[in-house]
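The values are calculated or read from the model by the stated rules, or taken from the named source; none is laboratory data. Since the structure is predicted, the reported quantities are computational estimates derived from the model, not experimental observations. Every residue, glycine among them, receives a Cβ derived from its backbone with ideal geometry; neighbour counts consider all protein chains shown. Please note that ligands, DNA and RNA were not included when accessible areas were found on the heavy atoms of the full protein model with its side chains. Shrake-Rupley method; radii C 1.70, N 1.55, O 1.52, S 1.80 Å.
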Amino acid sequence: EPEVTQTPSHQVTQMGQEVILRCVPISNHLYFYWYRQILGQKVEFLVSFYNNEISEKSEIFDDQFSVERPDGSNFTLKIRSTKLEDSAMYFCASDGQNQETQYFGPGTRLLVL
Amino acid sequence: QKEVEQNSGPLSVPEGAIASLNCTYSDRGSQSFFWYRQYSGKSPELIMFIYSNGDKEDGRFTAQLNKASQYVSLLIRDSQPSDSATYLCAVIGGGTSYGKLTFGQGTILTVHP
């Protein structure tokens, strides 16, 4: 069964460093998303992406964040200058059915020290 | 701000019983409603989605939607210990939400043998 994959599974970084989280969505999907979940808290929407551009972003998704689909398979989230409060699990999701039924990847656990 | 509310639990039921999980949402224009299951340290896994008022059944799971009351529920029949997880209610709001899922904080379900 096709699935969303994410790399790395864990990332430890120093405050102020740049990180890139990578996702490979399900191959025929067209809509891509990033969410994050701080330990013990709700899953929060960050950004949605369709047709090579951002469709919607949350107030969390400030200028430190960017997304890119550099080729036909990868979808990346970059955090330019990480802060302690960026420590969270980051989930990529994809959807092929008109923005419904999103399937989540296994997540990247980011720890900022 | 559009909110999704769940009783955080924990909800404890004996094996074989029916577990009932509830969710309310604030955006009256919401059109799509989802239940995800999340095991500890893992990503959300889609269980069911429902768009229309009434019941939708899939195996041991039944989703119920009442748009007038802004209420959605999930019933799990013949609960098994493997059903023990956090159950997340998620909603796609009305208007141009581009597939943005708004999650509740989740209900912890424990099924004891």
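Structural remarks
- More than 25 Å apart - percent of Cα-Cα pairs taken over the protein assembly as shown: 40
- A:Tyr90 contributes about 0 Å² of solvent-accessible surface, heavy atoms of the protein only, 1.4 Å probe.
- Solvent-accessible area per residue in segment A:45-113 equals 45 Å², computed with a 1.4 angstrom probe and all protein chains kept.
- Contact order normalised by residue count of chain A, Cα under 8 Å, 6+ apart, percent: 38
- Segment A:1-77 versus segment B:40-102: alpha-carbon centroid distance in Å: 23
- Heavy-atom surface of segment B:32-88, accessible at 1.4 Å and reported per residue (Å²): 43
- Drop in accessible area of at least 20 Å² in the complex versus isolated chain, residues of segment A:37-59, 1.4 Å probe: A:Gln37, A:Lys42, A:Val43, A:Phe45, A:Ser55, A:Glu56
- Residue order for B:Thr110, B:Thr86 - accessible surface, 1.4 angstrom probe, largest first: B:Thr110, B:Thr86
- Computed over Cα pairs, the Kirkwood radius of chain A leads via Stokes-Einstein (1.306 mPa s, 10 °C) to a diffusion coefficient of 114 µm² per second.
- Surface share of carbon and sulfur [accessible, 1.4 angstrom probe, percent] for chain B: 50
- Where labels lie 7 Å past Cα in the beta-carbon direction, separation of B:Leu46 and A:Asp63 in nm: 3.6
- Nearest-0.05 FRET efficiency for A:Ser73 and B:Asn22, computed from C-beta distance (R0 25 Å): 0.05
- Lysines whose Cα lies under 26 Å from that of A:Lys78, excluding same-chain neighbours fewer than 8 positions away: A:Lys42, A:Lys57, B:Lys42, B:Lys100
- Surface composition of segment A:1-99: carbon and sulfur atoms hold 44% of the protein heavy-atom accessible area at a 1.4 Å probe.
- Contact order relative to length of chain B, as percent, for alpha carbon pairs under 8 angstrom and 6 or more apart: 38
- Each distinct pair of alpha carbons in segment B:1-64 adds a 1/r term; the inverse of their mean, the Kirkwood radius, is 13.7 Å.
- Each chain gives up part of its surface: B and A jointly bury about 1700 Å² of accessible area, both sides summed, for a 1.4 Å probe.
- Computed on protein heavy atoms with a 1.4 Å probe, the accessible areas place A:Asp95, B:Asp78 in the order B:Asp78, A:Asp95, largest first.
- Equivalent ellipsoid of chain B: semi-axes from √(5λ) of the C-alpha gyration tensor, largest first, are 24, 15, 12 Å.
- Here the simple spin-label model places points 7 Å from the Cα toward Cβ, and for B:Glu3 and A:Ser27 these points are separated by 4.5 nm.
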